[in-house]
């Protein structure tokens, strides 16, 4: 397993990884206990360092807090990761802010990423057994989102919120969907449909709509991502 | 060109990163903070130097590395002391489990630092100490990947010569 380089760690602490870099870094932290512990340790060091800095002292508590908050959020996120790694489930991700590299368009954007080793790439037309998928989304106007997955047999399942009965409130983003999905070996089309809306959506309606050739729901925007999985 | 306000904003964002980088190379807390301050003094003195080829943090990473290596030279180390300083640098390098590669790296890096060949020393640090990829080295040093590859091949040949000379 290739660990992040000193340059990557430098960029992480300087908040200059960019969206793709952050995804790759985060993907590695999820898989690597040593780097996760290092991240938590260094974020605490950074908190202490910035609390002592002339800028923090000169600007008072407000500046120290401005740096402390993201670091505290990262520590909280890492603690949750540690706990969920032990329990075998993944936590729900909260919002990331990287407006420099990811600008949402229209009522919502939805991408599915494939995690292969240390790389994360956008889902293409083809996928394969064992691919771990991670979704990212953003919306400047919608307040609710539901993601439905449809497997090669046509079975629809609510993936976000996982097995939920209604959609979930979202923040503008960009955001990652916390749980990832690992593809099995069943050949055929895998579909992922994100529904964005102002009002809450029902799972039953979303599942039915996702199975249609052209998914749509009244009062919602649907974004579809498909891939085809070859047989074994 | 960076304004003073932009440099202050950069300071807020990157001061820990720079300090951490300097400490990794100098292995001394107070000196690392000192050199970190020199990095920002450099930005204030040369606000036009940043051309925007790489991200600001990449640019700062290079400056912090160069200033730390200059500080190592300024300690007026000679002979065995250089070897010790370089050994310290290589201790946590990705290839530190490989004694032959580490010994060759130590020899090459020591001679580059002694000769005050700053760019070569920096590239050696990026390659042997940091384990950066060719693409990352190219980005940090504003070189093409072809040029980086040529330099690294030369280092590898040198390292092989050194390893072959060892009894």
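The values are calculated or read from the model by the stated rules, or taken from the named source; none is laboratory data. Quick caveat, the model's predicted, so the values are computed rather than measured. Note that each Cβ is placed from the backbone with ideal geometry, even for glycine, and that neighbours are counted across all protein chains shown.
Checked against (1) within 12 Å of another protein chain (Cβ to nearest Cβ); (2) part of a helix (DSSP H, G or I); (3) in contact with a helix residue (DSSP H, G or I) (Cβ under 6 Å, 6 or more places away or on another chain); (4) over 22 Å from residue A:45 (Cβ atoms), residue B:69 passes all but a single condition, namely (1). Would you pick out the residues in the range A:33-46 that are more than 9 Å from chain B (Cβ to nearest Cβ) and either closer than 19 Å to residue B:136 by Cβ or in contact with a helix residue (DSSP H, G or I) (Cβ under 9 Å, 6 or more places away or on another chain) (or both)? Within the range A:33-46, A:33, A:35, A:36, A:37, A:38, A:39, A:40, A:43, A:44 meet the criteria. With respect to the conditions (1) farther than 27 Å from residue B:133 by Cα; (2) in contact with a helix residue (DSSP H, G or I) (Cβ under 6 Å, 6 or more places away or on another chain); (3) assigned to a loop (DSSP other than H, G, I, E, B), residue B:2 falls short on a single one, namely (2). Considering the conditions (1) assigned to a helix (DSSP H, G or I); (2) away from chain A (no Cβ under 14 Å), residue B:143 is excluded by exactly one of them, (1). Report, by residue number, each residue of the range B:157-167 that is in a helix (DSSP H, G or I) and in contact with a helix residue (DSSP H, G or I) (Cβ under 9 Å, 6 or more places away or on another chain). B:158, B:159, B:160, B:161, B:162, B:163, listed by residue number. Set side by side, the residues B:32, B:104 differ, and just one is modelled with pLDDT under 80 and surrounded by 14 or more Cβ atoms within 10 Å (Cβ to Cβ), which is B:104. Condition check for residue B:9 on (1) modelled with pLDDT of 85 or more; (2) within 13 Å of chain A (Cβ to nearest Cβ): one failure, at (1).
The strands (runs of 3 or more DSSP E) found entirely in the range A:122-203 that carry 1 or more residues being over 13 Å from the mean Cα position of the chain (by Cα) and surrounded by 15 or more Cβ atoms within 10 Å (Cβ to Cβ) are A:144-150, A:156-160, A:188-197. Summed over the range B:12-56, residues that are under 20 Å from the mean Cα position of the chain (by Cα) and in a helix (DSSP H, G or I) total 29. Residue count for the range B:107-123 satisfying the condition of being assigned to a helix (DSSP H, G or I), more than 14 Å from chain A (Cβ to nearest Cβ) and touching a helix residue (DSSP H, G or I) at 6+ places or on another chain (Cβ under 8 Å): 11. Being more than 14 Å from chain A (Cβ to nearest Cβ), at negative phi and surrounded by 13 or more Cβ atoms within 10 Å (Cβ to Cβ) is not true of residue B:51. Is the range A:5-23 home to any residue that is more than 14 Å from chain B (Cβ to nearest Cβ), touching a strand residue (DSSP E or B) at 6+ places or on another chain (Cβ under 9 Å) and either within 27 Å of residue B:122 (Cβ to Cβ) or modelled with pLDDT of 50 or more (or both)? Checking the range A:5-23: at least one residue is more than 14 Å from chain B (Cβ to nearest Cβ), touching a strand residue (DSSP E or B) at 6+ places or on another chain (Cβ under 9 Å) and either within 27 Å of residue B:122 (Cβ to Cβ) or modelled with pLDDT of 50 or more (or both). Note on the range B:86-102: residues that are assigned to a helix (DSSP H, G or I), without any contact (Cβ under 8 Å) to a residue 12 or more places away in the chain and under 16 Å from the mean Cα position of the chain (by Cα) total 0.
Check the range B:127-143 and report whether any residue there is loosely packed, with under 14 Cβ neighbours inside 10 Å, modelled with pLDDT under 80 and touching a helix residue (DSSP H, G or I) at 6+ places or on another chain (Cβ under 8 Å). No; the residues of the range B:127-143 include none that is loosely packed, with under 14 Cβ neighbours inside 10 Å, modelled with pLDDT under 80 and touching a helix residue (DSSP H, G or I) at 6+ places or on another chain (Cβ under 8 Å).
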